[in-house]
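Here is the structure we will look at, set down as structure tokens.
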Amino acid sequence: MVQPIIQVQGANKEFGKGKNTVAALKDVNLEIQRGEFVAVVGPSGCGKSTLLHVMAGLEQPTSGRILVDGVDVTLISERDLPKVRMQKIGFVFQAFLLIEDLTAYENVEAVLWPSVDYTKEKQEARTLEVLREVDMLERRDHFPRQMSGGEQQRIAIARALVNGPPILFCDEPTGNLDSKTGENILKIIAQLNKEKNMTVVLVTHNEELVKFAKKILHMKDGVVR
Ligand SMILES: Nc1ncnc2c1ncn2[C@@H]1O[C@H](COP(=O)(O)OP(=O)(O)OP(=O)(O)O)[C@@H](O)[C@H]1O
Ligand SMILES: [Mg+2]
């Protein structure tokens, strides 16, 4: 049996205390195989972002285990977590979250994880390579405010790809874009799944997007079915 690239075992996530406690994830169990394209759907507040955040190691579950490419991200130390995240996970947010004071090129290069053969030339070549993949090479010296939403999201995708992670999480990546621009972003994501065999887990309200997914996780009130 091939080991799933993501395993969520008995995961619970609670926010707040006492009577204000919100159970955002309730005993979630799931497996995602390498190269799968998975859509997560469900009403607002049902826990979609929380699920992505715990799978990506951005938040710890209150209980349960999360295994990402064989590593239990709930057991790993604060110190080692960033490295695991950089190597294994790319994350694309609805709001792009680029750094305003950095150019397109700098936004991508800033997250490049230093490897053993870390030279200035290799670093530059890798950054340019991913900018080319999202067709943004010619905008490399532009700042976020000088780019359209779709262009900013392409830079955000390049940033998610620069360390060559096997998994790409996207939380409503087209939520802030018009439908045509959104389609373009979706094509890039679908291509990464198809041609690079990247595992894609994507939250969306967009029916068109859901069509691309081979597997759909339906969420309601913190429960995945
Ligand atoms: N940091 C937090 N503190 C307290 N409650 C939170 C926090 N983050 C999320 N929640 C609550 O957890 C529940 C799940 O939130 P989550 O953001 O995962 O929903 P969602 O499905 O992504 O919704 P949307 O479609 O609106 O983005 C909600 O009730 C939300 O209010
Ligand atoms: Mg959300």
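The values are calculated or read from the model by the stated rules, or taken from the named source; none is laboratory data. Keep in mind that this is a model prediction, so the values were computed, not measured. Cβ sites come from the backbone with ideal geometry, for glycine too, and all protein chains shown count toward neighbours.
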Open item on the list: I need a count of the residues in segment 55-77 that are under 16 Å from Pro4 (Cβ atoms) and within 16 Å of ligand 2 (Cβ to nearest atom).
Closed with: 2
Task: Of all residues in segment 188-198 being under 16 Å from the mean Cα position of the chain (by Cα) and under 15 Å from Ile157 (Cβ atoms), the one that is nearest to ligand 1 (Cβ to nearest atom) - done: Ile189
Task: Unmet requirement for Leu217, which otherwise passes all of (1) touching a Ser or Thr at 6+ places or on another chain (Cβ under 9 Å); (2) in contact (Cβ under 8 Å) with a residue 60 or more places away in the chain - done: (1)
TODO: For segment 112-130, state whether one or more residues are farther than 26 Å from Leu51 by Cα and in contact with a Pro (Cβ under 9 Å, 6 or more places away or on another chain).
DONE: yes
- [ ] Just need a number here: residues in segment 84-134 that are without any contact (Cβ under 8 Å) to a residue 24 or more places away in the chain and either basic (Lys, Arg) or closer than 20 Å to Gly149 by Cα (or both).
- [x] 4
Open item on the list: Test of understanding: among Leu51, Leu30, which residue is closer than 18 Å to Ile5 by Cβ and within 16 Å of ligand 2 (Cβ to nearest atom)?
Closed with: Leu51
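Any idea which of Leu128, Leu75 is in contact with a helix residue (DSSP H, G or I) (Cβ under 8 Å, 6 or more places away or on another chain) and among the hydrophobic types (A, V, I, L, M, F, W, C)? Please lay out each step first, then the result.
Values: Leu75 fails: in contact with a helix residue (DSSP H, G or I) (Cβ under 8 Å, 6 or more places away or on another chain).
Within the list Leu128, Leu75, the selection yields Leu128.
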TODO: Kindly indicate which of Met198, Met147 is of a type in the set (A, V, I, L, M) and either modelled with pLDDT under 95 or crowded, with 21+ Cβ neighbours inside 10 Å (or both).
DONE: Met198
Task: Tally, over segment 1-45, of residues that are hydrophobic (A, V, I, L, M, F, W, C) and touching an Asp or Glu at 6+ places or on another chain (Cβ under 6 Å) - done: 2
